[in-house]
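Just so it is clear, none of the values below were taken in a lab; they were calculated from the coordinates. In this text the structure is predicted, and so the values were computed from the model without any measurement. Using ideal geometry, Cβ is built from the backbone for each residue, glycine included, and neighbour counts are taken over all protein chains shown.
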Amino acid sequence: MSPTERLLALLDHLGIRHAHIATQMPGDIAGLASMHGERLAGIVLCVPTRLDPAQYQRVGDRVLMISGVRGLTADVTTRAAERLPGATRHVLGGYDAPGWADVVAERTSEIADRMTGFLARFTASVPTSSKSEGTHAEITYRVEGSGPALLLLPFFLAPSQWAPAMADLTKRFTVITLGGPHLGGVAALEDRAKAPTYQAMFRTLIDIMAPKPGEAILDVGCGAGSLDRLLAKRLGSANPITAMDTNAFLLSEAATLARAEGVDGTIRFVPGNAETLPFPDASFDCAFSVTVLEECDADRAIAEMRRVVKPGGRIGIVVRAIDMPQWWNLTLPQDITDKIVVPPQSVAARGVADASLYRRMREGGLVDLTCFPSLITLDRPEGPIWRYREDHVLSLLSSEQMPTWHATRDTAQRAGLLFMAHPMHCAVGVKPA
């Protein structure tokens with residue numbers, strides 16, 4: 001089932017004809033908006049970093065876009081507003097909102113007030129079901145409050161998700177908070193981990209780290225635990241794995257997925273922050289972190305990983321490479337190519353998403369570095385991680401360029417040659433004995 005089919009099934013299960021809906025990831029509800037707009041009342045896109053406005057043209061007058069004052073969320077919503085003239089845009093003054101921002105926790109009242117005022121313009125159904133929680137079509141749901149139905153889909157990485165606004169929202173709405181492996185950041189992380197070249201990159205990282213039987217392994221920023229489950233299946237029960245993340249929502253989803261795959265006995269999920277790891281010195285033999293150091297103080301995180309690893313222990317780090325072009329296997333005019341080869345420039349002030357990773361690891365006291373920049377290939381256009389990347393491209397193209405993109409893309413897909421590749425910087429270093 002597609003996310004659209006799952007959401008429609010859930011609406012029917014809960015007895016909801018028309019629902020308000022809110023998400024950070026517009027791709028999750030794009031099918032509803034473009035093909036089943038009659039099931040939607042008001043739509044809130046809260047700090048989206050990717051957005052294809054074409055999917056929302058039929059319901060544009062029902063869309064509220066909330067963005068930061070700068071960065072990707074400002075850029076994509078500004079461009080979308082030009083193509084959705086009926087949409088409403090609200091800018092969080094003085095606030096930057098990267099993809100990992102805990103935006104509802106940091107601007108709770110403003111977001112809750114804006115959502116409530118906007119959604120009051122539209123009529124949504126009151127659910128006829130009396131269910132308070134459950135799972136349907138592999139979407140988990142929890143129902144709170146009373147009034148018109150408001151579905152809250154997961155953010156990508158926000159640690160608090162929608163929780164800080166629940167007290168305000170449940171006063172006006174029957175709030176239905178959704179989760180599971182098919183929505184939000186979990187779906188994207190799971191889909192990425194299924195890509196053969198992503199798995200190959202991770203296997204190479206582990207091959208170089210070469211954990212011996214009995215050695216303890218730490219994953220810093222485990223997300224949905226996708227890589228930890230792959231690692232547990234590869235190593236069996238020979239190596240205890242500690243998977244840490246600052247995001248309680250993702251940790252809960254990760255634990256559920258690990259139980260479903262029967263590897264929960266090998267993986268220990270714990271809360272923690274990459275800049276202040278909650279472990280004593282020399283606790284682990286190996287540590288790795290994949291696409292996390294873009295979002296924090298990278299030098300501090302490297303120092304912390306070095307601290308908690310034993311002398312002679314190995315540390316592997318992978319980050320996105322925004323200093324290298326991404327590549328689509330499409331023959332396109334130069335004016336389009338110039339727009340799409342540049343990766344989204346999303347990195348924290350003290351994060352790392354370029355080749356300085358290698359220098360930082362050396363300056364952080366690691367020796368015997370093995371560096372291997374890698375290309376990750378995506379070729380499943382029906383998958384959420386592809387949609388996440390293509391939506392960024394579509395937001396960049398003009399109305400004149402769009403037909404060329406779609407025609408070229410469709411030709412490549414029919415020929416079985418539609419894929420894109422994006423670079424990552426990868427390295428393994430050793431803590432001196």
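Worth a mention:
- The radius of gyration of the Cα set in segment 296-348, together with its Dmax, comes out at 17.6, 53 angstrom.
- Placing dummy labels 7 Å off each Cα toward the beta-carbon, the span from Q413 to E106 is 3.5 nm.
- A simple spin-label model places the labels of T128 and D323 6.0 nm from each other, with each point 7 Å out along Cα-to-Cβ.
- Those lysines that a straight Cα-Cα span of less than 22 Å connects to K171, excepting residues fewer than 8 apart in one chain: K131
- Extension gain, K339 back to K233 (0.36 nm per residue minus Cα-Cα distance, nm): 34.1 nm
- Net lengthening on full extension, S2/L369 (0.36 nm per residue, minus Cα-Cα): 127.9 nm
- Of the peptides 263-276, 96-109, 216-229, 5-18, the order by per-residue mean of other Cβ atoms within 10 Å, starting with the highest, comes out as 216-229, 96-109, 5-18, 263-276.
- For segment 85-202, the square roots of the Cα gyration tensor eigenvalues, ordered a ≥ b ≥ c, give a/c of at least 1.5 with a/b no greater than b/c, which places it in the oblate category.
- Cα Rg, Dmax (largest Cα-Cα span) when computed across the chain, Å: 21.8, 66
- Crossing angle, helix 248-260 versus the chain [Cα axis fit, 0-90 degrees, rounded to tens]: 80 degrees
- Cross-link table K194/K310; K194/K233; K212/K431; K212/K233, entries beyond 24 Å C-alpha to C-alpha: K194/K310
- Rounded tilt (10° steps) of 184-194 against the dominant C-alpha axis of the chain: 50 degrees
- Fully extended contour minus Cα-Cα distance, from A9 to E275, at 0.36 nm per residue: 91.6 nm
- With Cα atoms, 0 to 90° folded angle of helix 108-119 axis to the chain main axis: 30 degrees
- 3J(HN,Hα) from dihedral phi, segment 332-337, Karplus parametrisation 6.51/-1.76/1.60, rounded to Hz, x for glycine, proline: 10, x, 4, 5, 7, 4
- For segment 3-179, the Kirkwood estimate of hydrodynamic radius, built from reciprocal distances between every pair of different alpha carbons, is 15.9 Å.
- Per residue, the convex hull spanned by the alpha carbons of segment 310-433 comes to 127 Å³.
- Residue-by-residue Karplus 3J(HN,Hα) for segment 418-428, coefficients 6.51, -1.76, 1.60, Hz, glycine and proline x: 8, 7, 9, 9, 10, x, 9, 8, 9, 7, 10
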